[in-house]
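Everything on this sheet refers to the single structure shown next.
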Amino acid sequence: MSVRNLRIEFPTRRGTLVAVDDISFDISPGEILGVVGESGAGKSLTGAAIIGLLEPPGRIAQGEILLEGRRIDNLPYEQLRRIRGRQIGAIFQDPLTSLNPLYSISRQLVETIQTHLPLNDREARTRALALLDEVGIPSAGERIDHYPHQFSGGMRQRVVIALALCAEPRLIIADEPTTALDVSIQAQIISLLKGLCHEHGTAVMLVTHDMGVIAEAADRVAVMYSGRIAEIGPVQEVIRTAKHPYTHGLMGSIPLIGHHVKKLTQIDGAMPRLQEIPAGCPFNPRCEKVMDCCRVERPNLQTVQKSRVACHLFDGADGEARAGE
Amino acid sequence: MFAFIIRRLLQSVLVMLTVALIAFALFRFVGDPINNLVGQDTTLQDRQQLRETLGLNDSVVVQYWRYVVNTAKGDFGYSYMHRRPVKTMLLERMPATLELSIISIILALFIGVPMGVYTGLRRDGFLAKIFMSISLIGISLPTFLIGIMLILVFGVMLRWLPTFGRGEVVAFGIWTTGLLTASGLKALIMPAITLALFQMTLIMRLVRSEMLEVLRTDYIKFARARGLSNRAVNFGHALKNTLVPVITITGLQLGSVIAFAIITESVFQWPGMGRMFIEAVADVDIPVMAAYLCLIALFFVVINLIVDLLYYAVDPRLRIDGGGSGGHG
């Protein structure tokens, strides 16, 4: 799956707000790409755009989304609907509200399976049972006819994952799948997701603001800030040797067990609102290493070691030298 | 579930006993019943004797209990005005009112719900805006005005429909129906529309706002993200979640339509219970008023019971079956 120069706009009466501005990334089969950033950085919108469920008036103003080489962002609604669930699955933040309270689990599973696969009722039910087994619901045969309110939060998120996997999609967009869960259950769900995707070769776009989840599950990570990608690269490299000052600040704000730190780093200020994104690099008002050019010229993603970083610190030949400390 | 029904039934009995108490009190508060029964020149002795035979000298509790027992048997006494058993009068009038009310509610549901779904889905559509404007008229115009305007246009000017009465009726035992004759159906059209219009707009607006609410929920987004068809999402998942409030309101409205069809019945000279009640009020015909009060209360109690049972059918969260593992709805 590739996203090319995606730009998402919200036309309002007072002018157009650009929520996601010119971002590009790829996810290869079986790979888990983590997407981190503060609230409002555009992570969830990017996910919604990929499955074609941007809420109006939000729209894709520019760029394209390719799935296995085929462009999908400009498909008519009905064709895109067939791709949703069949080729791209989605998991949302809150498992407590993701399931229709009035229908049993079996009905919701069978309905989804039969939407995408030519199975009769009995076959669909068998498949539903197998899926519940696979996501680790104990005594699935007994619980399949239960209603969502009879499951705990963690169990419901397993059901949600089973629903997303119904038709073996090639890509899963997981939008903060663990945020609403207990910490003890978060780890279970993440390892379940990771295991299932490695088994089925499914690619995952894991949207979260939890660096711990990223470090645990992702292969690569994209750090988003104000609708742009600040840094993208292999997860170990981004965590250990963060290049963009924003990523650096993010990593410094995570407490580590065993490291004695007097005070956690803090990034002063807040992410600008969409109407007030400054010229040049959007991070410049908060950046410790801000330079004159940062306020004028927008930095482009450039390759630094194995990562790609959007920061003027790495411009030109002496970029390494200036960043070196 | 079973315990719930028993509990609800007991509550209903309590409500009915209270209503019966109020109806019973009517007899005592609106003057001496003997004065209402006899002429001015009746001797004191005759009055005393009548008082004794009617049991009016017994204690209040005994009289109340007698009233409850008689009412439960369907014996509401004699109408002061018509000198006929109130029960017979009610039975004559009830079919007309029930037919009109139920047809109106069905009309309101079958037009109101689809219009509500449509305006909920196509919030900004042209047709949806027209529906919403029409609904404003329906919700704000008084019933009698709609009735009179309908009579003026279709009865007087176009002469398509009869302006009063019920048309020809067919009797099945004690039940008379106007639904089986052409003139009966024709006579039903205008009163039913008059009565349905307000309910219809109410239901439409309710369904619309509930739909807008439900369409924003996560499970609808998730259903779309799973690639379910629009039809399955909108009607299977969204509409069913709007039903609980719609059932509540429809139930209450059916009750008040039966109870307050009075205005429509007056406008169209519909021979129903509402008109009988109005006449009884004008004539201070206490037994009829008291019987009407009890009957309407009974309708409300029964409808509410049915509504509660429908909740159980629609929403599995209300069914107590103890299979849960600590989830919160």
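The values are calculated or read from the model by the stated rules, or taken from the named source; none is laboratory data. Everything numeric here is computed off the predicted structure, so don't read it as measured data. When we count neighbours, we look across all protein chains shown, and the Cβ atoms used for this are built from the backbone with ideal geometry, even at glycine. Side chains included, ligands, DNA and RNA excluded: accessible areas come from the protein's heavy atoms. Shrake-Rupley method; radii C 1.70, N 1.55, O 1.52, S 1.80 Å.
Considering only the other residues whose Cβ falls under 14 Å of the Cβ of B:Leu309, what net charge follows from Lys and Arg at +1 and Asp and Glu at -1? Residues near B:Leu309 contribute +1 overall. In straight-distance terms, cross-link reach from B:Lys129 covers every one of the lysines whose alpha-carbon lies under 27 Å from its own, apart from those fewer than eight places away in the same chain; here that gives B:Lys221, B:Lys240. When +1 charges are put on Lys and Arg Cβ atoms and -1 charges on Asp and Glu Cβ atoms, the dipole computed for chain B relative to its Cα centre reaches about 1300 debye. Along the stretch B:233-248 the Karplus relation, 6.51 cos²θ - 1.76 cosθ + 1.60 evaluated at θ = phi - 60°, assigns HN-Hα couplings of 5, 6, 9, x, 8, 6, 4, 5, 6, 8, 5, 4, x, 5, 4, 4 Hz to successive residues, with x for each Gly and Pro. Which of the three applies to the protein assembly as shown, rounded, prolate or oblate, going by the alpha-carbon gyration tensor with a ≥ b ≥ c and a/c under 1.5 meaning rounded? Prolate shape, in that a/c is at least 1.5 and a/b is the bigger ratio. In the stretch A:162-233, the DSSP beta bridges split such that about 50 percent are antiparallel, to the nearest 5. Heavy-atom surface analysis with a 1.4 Å probe gives chain B a carbon and sulfur content of 69 percent of its accessible area. Amide H to amide H distances under 5 Å link A:Arg298 with A:Gly280, where only residues 5 or more positions off or on other chains count and H is placed in the peptide plane.
Each residue of the stretch A:102-114 was assigned a 3J(HN,Hα) from its phi angle through the Karplus expression (A = 6.51, B = -1.76, C = 1.60, θ = phi - 60°), giving 8, 10, 5, 4, 4, 5, 5, 5, 4, 4, 5, 4, 6 Hz with x at Gly and Pro.
Please work out whether the stretch A:239-308 counts as rounded, prolate or oblate from its C-alpha gyration tensor, where a ≥ b ≥ c are the square roots of the eigenvalues and a/c under 1.5 means rounded, while otherwise a/b larger than b/c means prolate and anything else oblate? Oblate.
Taking chain A as a Gaussian network of alpha-carbon nodes connected by springs under 10 Å, the highest mean-square fluctuation of the residues A:Ala180, A:Ala164, A:Ala90 belongs to A:Ala180. Full extension of the chain between A:Ala187 and A:Ala215 yields a length gain of 8.9 nm, computed as 0.36 nm times the residue separation minus the alpha carbon distance. For A:Val20, the residues whose amide H sits under 5 Å from its own are A:Ile8, ignoring neighbours fewer than 5 places away on the same chain, with H placed 1.01 Å from N.
Exceedance of the 25 Å cut-off in Cα-Cα distance is limited, within the set A:Lys43/A:Lys243; A:Lys43/A:Lys262; A:Lys263/A:Lys289; A:Lys262/A:Lys289; A:Lys43/A:Lys194; A:Lys194/A:Lys289, to A:Lys43/A:Lys262; A:Lys194/A:Lys289. If you run the Gaussian network model on chain A, springs between alpha carbon atoms under 10 Å, then out of A:Lys289, A:Lys194, A:Lys243 the most flexible one is A:Lys289.
Taking a straight line from the alpha carbon of B:Lys87, these lysines sit under 16 Å away, with near neighbours fewer than eight places off in the same chain left out: B:Lys73. For the stretch B:15-72, the normalised intensity computed at q = 0.20, 0.22, 0.23, 0.31 Å⁻¹ comes to -0.79, -0.91, -0.96, -1.31 (log10 of I(q)/I(0), Debye sum over alpha carbons, equal scatterers, no solvent). A simple count of charges around A:Gln186, restricted to other residues whose Cβ falls under 12 Å of its Cβ and scoring Lys, Arg +1 and Asp, Glu -1, yields -4. In the stretch B:1-154, taking the dipole from charged Cβ atoms about the Cα centre, the farthest positive-side position among B:Val62, B:Ile137, B:Met1 is held by B:Met1. Which value in deg cm²/dmol, rounded to the nearest 500, describes the helix-derived mean residue ellipticity at 222 nm for chain A, given -39,500 (n - 2.57) per DSSP H run of n ≥ 4 and division by the residue count? Mean residue ellipticity at 222 nm (helix-derived): -9000 deg cm²/dmol.
Residues in the stretch A:67-76 carry Karplus couplings, in order, of 10, 6, x, 9, 6, 10, 6, 10, 6, x Hz; the curve used is 6.51 cos²θ - 1.76 cosθ + 1.60 with θ = phi - 60°, and Gly or Pro positions show x. Comparing B:Ile102, B:Ile278, B:Ile130 in a Gaussian network model of chain B where C-alpha atoms under 10 Å apart are linked, the largest mean-square fluctuation is found at B:Ile130. A simple charge model with +1 on the Cβ of Lys and Arg, -1 on the Cβ of Asp and Glu and nothing else charged puts the dipole of the stretch B:15-72 at about 180 debye relative to its Cα centre. Total buried accessible area between B and A, probe 1.4 Å, nearest 100: 2700 Å². The simple Förster model, with R0 at 35 Å and r as the Cβ-Cβ distance, assigns A:Ala61 and A:Asp268 a FRET efficiency of 0.65.
With a 10 Å cut-off around each Cβ of B:234-242, the average count of Cβ atoms from other chains is 2. Taking the helices alone, chain B has a mean residue ellipticity at 222 nm of -22500 deg cm²/dmol, built from -39,500 (n - 2.57) per DSSP H run of at least 4 residues and averaged over all its residues. What you get for the stretch A:189-236, charging only the Cβ of Lys and Arg (+1) and of Asp and Glu (-1), is a dipole of about 120 debye around the Cα centre. Sort chain B into rounded, prolate or oblate with this rule: let a ≥ b ≥ c be the square roots of the eigenvalues of the Cα gyration tensor; rounded if a/c is under 1.5, and if a/c is not under 1.5, prolate when a/b is larger than b/c, oblate otherwise. The shape class here is oblate. Measuring heavy-atom accessible area with a 1.4 angstrom probe and counting protein chains only, the residues of the stretch A:93-111 that give up at least 40 Å² relative to the chain alone are A:Thr97, A:Ser98, A:Asn100, A:Pro101, A:Leu102, A:Tyr103, A:Glu111. Bridge orientation summary for the protein assembly as shown: considering DSSP beta bridges with both residues in this region, about 65 percent are antiparallel. Counting charges near B:Leu56 (Lys, Arg +1; Asp, Glu -1) among other residues having Cβ under 13 Å from its Cβ returns a value of +1.
On a per residue basis, the stretch B:15-72 carries 67 Å² of accessible surface, using protein heavy atoms and a 1.4 Å probe.
Could you list which residues have their amide H under 5 Å from that of A:Ile91, counting only those 5 or more apart in sequence or on another chain, with H placed in the peptide plane? Answer set, sorted by chain and number: A:Ile173, A:Ala174, A:Asp175.
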